[in-house]
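Every number here is computed from the coordinates shown, using simple stated rules; none is lab data. As the structure is a computational prediction, the values presented were derived from the model and not from experiment. Heads up, the Cβs are rebuilt from the backbone with ideal geometry, glycines too, and the neighbour counts pull from every protein chain shown.
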Amino acid sequence: MNAPSRLTVRIDRKVCVGTSNCAEAAPAAYEMDEHAAPHGRDGASDEEILQGAEACPVGAITVFDSTTGKQVFP
């Protein structure tokens, strides 16, 4: 079982082009809805969250440390 994530994800739906790379790279962290828009999933590890964010070809995913509020990716 994964440790609880310290990270918070923000997905810019205006930037997202729906490639699903995030969900393919990290299915425990991201899933696509019926409109081909990604959503963060609860219970993913920090590593999984970052893997999915890094897989986004258009930089639509921003990751923050939920404790400090600091941006950690990109």
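Amide H to amide H, with H built 1.01 Å from N, residue 72 comes under 5 Å of 63, 64, 65, counting only residues 5 or more places away or on other chains.
In order along the stretch 36-49, the phi-based Karplus estimate (6.51 cos²θ - 1.76 cosθ + 1.60, θ = phi - 60°) of 3J(HN,Hα) comes to 6, 10, x, 9, x, 10, 6, x, 7, 7, 4, 4, 5, 4 Hz; Gly and Pro are listed as x.
Spin-label pair residue 37-residue 67: with each label point 7 Å from Cα along the Cα-Cβ axis, the two points sit 3.2 nm from one another.
Remark on residue 18: its backbone amide H falls under 5 Å from none of the residues 5 or more positions apart or on other chains, H modelled at 1.01 Å from N. Backbone amide hydrogens, once placed in the peptide plane, bring residue 7 within less than 5 Å of 66, excluding anything fewer than 5 places away on its chain. Working note: Karplus 6.51/-1.76/1.60 with θ = phi - 60° gives the stretch 57-74 the couplings x, 10, x, 7, 10, 10, 10, 10, 6, 5, 7, 9, x, 6, 6, 10, 7, x Hz, where Gly and Pro are set to x. Computed over every Cα-Cα pair of the stretch 7-73 and binned at 10 Å starting from 0, the pair-distance distribution P(r) comes out as 25, 59, 16, 0 percent.
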